[in-house]
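Worksheet for the structure shown next.
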Amino acid sequence: MSSESVEQRKPRRWRWLTLAELLAVAAVTVSALTFWDNHADRAREREERMAAASRATTEATMLVLRGTPDRNGERISLTPVRDGQAIQAQTIAFPKALGTAPVDTAGNSRIEGGWFAEGLKKALKAAGRSDAAHGDERMPALIVTRYLVDGEAFEDRAIYDIGVELDRQFLGGSRVRLRGLSLVSRVKGGDGQQRLDKRWATLHPGTGPDGN
């Protein structure tokens, strides 16, 4: 009975070891790819959760004011559109053409027509505008608001259009009635007054030195 020598069996054993190693390497590669894929999925999920949380935080802290006029149109009460925001104080600035100083408020967020009515009528009259009622006019204002969200302090700077109506009076002249409020744009940095005057000049050209 013949049998293979040790030297004859070596090449065959080497071939089987090589195949086993290849299978092991393939298994390790598949395992590594699976691990990496799972890790990448978890990383994407974390990034998506963080992005969603960041968006939610941004939305929660972004201030938009709602203006509610009173019955006589003499004032507009200002409140945040979103819940969880508490206004602490505000500064309302007006176009230079009105010659009206900024007004600071604390604890009672509002805009009163008496703050700027005379300046508005004089500016319109200087430009040859009639004080007869022609529906709603738009009068821009820069509103700087200090407010809290979950105890953290924020500041918002934005230009709003105040809806006003010039109501002719029986004995002459006109009365300014406030109708509402609408957001125009947010302001960053110290160019708020400049942008406010530009907005005024766009709405009411020829109504003062800044309106040409």
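Take the residues in segment 168-183 that are assigned to a strand (DSSP E or B) and exposed (fewer than 14 other Cβ atoms within 10 Å of the Cβ); name whichever of them is modelled with the highest pLDDT. If you could, list the steps in order and put the result at the bottom.
So in segment 168-183, the residues assigned to a strand (DSSP E or B) come out as 168, 174-183.
Filter again for exposed (fewer than 14 other Cβ atoms within 10 Å of the Cβ), leaving 168, 182.
On the way: Arg168: 64, Ser182: 95.
Per the stated criteria, the residue is Ser182.
Can you tell me how many residues in segment 72-113 are among the hydrophobic types (A, V, I, L, M, F, W, C), modelled with pLDDT of 95 or more and in a loop (DSSP other than H, G, I, E, B)?
Residues that pass the stated criteria total 2.
Taking segment 136-165 as the region of interest, how many residues are within 15 Å of Ser182 (Cβ to Cβ) and either in a loop (DSSP other than H, G, I, E, B) or modelled with pLDDT under 95 (or both)? Walk me through it before giving the result.
Taking segment 136-165 first, the residues within 15 Å of Ser182 (Cβ to Cβ) are 136-143, 158-165.
Still in the running and either in a loop (DSSP other than H, G, I, E, B) or modelled with pLDDT under 95 (or both): 136-139, 163-165.
Total satisfying the criteria: 7.
Just for segment 30-71: of the residues that are modelled with pLDDT of 70 or more and of a type in the set (S, T, N, Q), which one is nearest to the chain's Cα centre (by Cα)?
Here the residue is Thr61.
The values are calculated or read from the model by the stated rules, or taken from the named source; none is laboratory data. Because the structure is a prediction, the values reported are computed rather than measured. Don't worry about glycine lacking a Cβ; one is built from the backbone with ideal geometry, like all the others, and counts go over all protein chains shown.
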